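Here's the structure we're looking at; comments come further down.
The values are calculated or read from the model by the stated rules, or taken from the named source; none is laboratory data. Not measured: the values here are computed from a predicted model. Here the Cβ positions follow ideal geometry from the backbone for every residue, glycine too, while neighbour counts run over all protein chains shown.
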Amino acid sequence: MKVLYTRISTIDQNTDRQRVNAKDFRLVVEDKCSGAIPFFEREGGKEILKYLNEGILTSLSVWEIDRLGRDLRDVLNTIYYFNERGITIYFINQGLKTLDESGKENPISKLIISILGIVGEMERTQIKERQKEGIRIAKLKGLYKGRKAGNVEDVHAFLNKPQNKKVIDLLKLGLSAKDAASAAKVHANTVTKIKKHAFPKGANK
């Protein structure tokens with residue numbers, strides 16, 4: 001089974017760019033989480049691992065290396081895990097694959113992947129540093145007040161997002177939080193937040 005894996009960091013982003021060839025795959029698995037989270041600790045990563053262990057996964061495709069992860073060690077460990085089981089990972093936009101036609105590790109791809117992985121990790125570090133510097137400057141100017149508690153309008157807008165409304169409907173039908181998250185393709189943390197605001201008295205489990 002050929003699987004396409006996509007990942008975005010927030011619920012406000014979309015995976016359209018990563019799904020350009022989605023019709024060529026039997027299944028598309030999507031994660032909404034930080035690239036710093038180890039691959040096999042993500043909901044999508046766990047699902048793919050299940051298919052791998054069941055012997056039905058034949059290849060995994062990802063739009064770019066940083067979609068697989070932004071921690072170089074985890075990216076390389078993930079690739080090694082798939083390589084050891086003879087499963088090729090294709091990085092579509094970069095035209096790279098982890099194994100050659102004979103099933104052996106592709107040394108050129110390994111070198112390029114390592115370099116691009118380092119770049120992705122550096123980008124994540126730089127983003128965090130810029131955020132810290134921005135907060136520091138704002139504090140010096142007396143402009144930084146920290147995160148404000150969400151008001152009624154914020155919560156209303158959050159609950160009325162199409163995917164979140166779908167989660168609410170699924171929870172009302174009796175689905176578990178995990179099943180609702182999977183069906184609506186949202187992160188488990190999003191379902192927890194939805195339950196907090198939509199079912200404040202624990203009306204739905």
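Would you point out the residue of segment 31-50, among those that are surrounded by fewer than 21 Cβ atoms within 10 Å (Cβ to Cβ) and touching a strand residue (DSSP E or B) at 6+ places or on another chain (Cβ under 8 Å), that is nearest to Leu4 (Cα to Cα)? Steps first, answer last, please.
The first filter runs over segment 31-50 and keeps only residues surrounded by fewer than 21 Cβ atoms within 10 Å (Cβ to Cβ), leaving 33-34, 36-38, 40-41, 43, 46-47, 49-50.
Among the residues that remain, those that are also touching a strand residue (DSSP E or B) at 6+ places or on another chain (Cβ under 8 Å) are: 33, 43, 47.
On the way: Cys33: 16, Glu43: 14, Glu47: 12 Å.
Only one residue fits best here, namely Glu47.
Just a yes or no: is a residue in segment 140-155 at positive phi, loosely packed, with under 13 Cβ neighbours inside 10 Å and at pLDDT 85 or above? Please lay out each step first, then the result.
If we filter segment 140-155 for residues that are at positive phi, which is where we start, we get 142, 146.
Filter once more, keeping what is loosely packed, with under 13 Cβ neighbours inside 10 Å: 142, 146.
Filter again for at pLDDT 85 or above, leaving none.
No: segment 140-155 contains no residue that is at positive phi, loosely packed, with under 13 Cβ neighbours inside 10 Å and at pLDDT 85 or above.
Residue by residue, here is whether (1) under 19 Å from the mean Cα position of the chain (by Cα); (2) charged (D, E, K, R) holds:
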site: Lys32; (1), (2): yes, yes
site: Glu47; (1), (2): yes, yes
site: Thr58; (1), (2): no, no
site: Trp63; (1), (2): yes, no
site: Asp74; (1), (2): yes, yes
site: Thr88; (1), (2): no, no
site: Ile92; (1), (2): yes, no
site: Leu96; (1), (2): no, no
site: Val119; (1), (2): yes, no
When every residue in segment 79-92 that is in a helix (DSSP H, G or I) and of a type in the set (Phe, Trp, Tyr) is compared, the one surrounded by the fewest Cβ atoms within 10 Å (Cβ to Cβ) is Tyr80
Taking the options Thr98, Thr58, name whichever one is of a type in the set (Ser, Thr, Tyr), in contact with a helix residue (DSSP H, G or I) (Cβ under 7 Å, 6 or more places away or on another chain) and surrounded by 13 or more Cβ atoms within 10 Å (Cβ to Cβ). Thr98
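Taking the stated definitions as given, is Leu76 surrounded by 15 or more Cβ atoms within 10 Å (Cβ to Cβ), in contact (Cβ under 8 Å) with a residue 24 or more places away in the chain and not in a helix (DSSP H, G or I)?
Details: surrounded by 15 or more Cβ atoms within 10 Å (Cβ to Cβ): yes; in contact (Cβ under 8 Å) with a residue 24 or more places away in the chain: yes; not in a helix (DSSP H, G or I): no.
For Leu76, the condition - surrounded by 15 or more Cβ atoms within 10 Å (Cβ to Cβ), in contact (Cβ under 8 Å) with a residue 24 or more places away in the chain and not in a helix (DSSP H, G or I) - is not met.
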Based on this model, can you work out whether Leu111 counts as of a type outside the set (D, E, K, R) and modelled with pLDDT of 80 or more? yes
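Let me confirm something: among Ile48, Ile118, which residue is over 23 Å from Arg19 (Cβ atoms) and either in contact with a helix residue (DSSP H, G or I) (Cβ under 9 Å, 6 or more places away or on another chain) or not hydroxyl-bearing (Ser, Thr, Tyr) (or both)? Lay out the reasoning, then the answer.
Values: Ile48 fails: over 23 Å from Arg19 (Cβ atoms).
Going through Ile48, Ile118 in turn, the sole match is Ile118.
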How many residues does segment 19-68 hold that are under 17 Å from Ser114 (Cα atoms) and touching a residue at least 60 places away in the same chain (Cβ under 8 Å)? 4
I need the full set of residues from segment 119-138 which are at pLDDT 70 or above and small (Gly, Ala, Ser), in order please. Gly134, Ala138
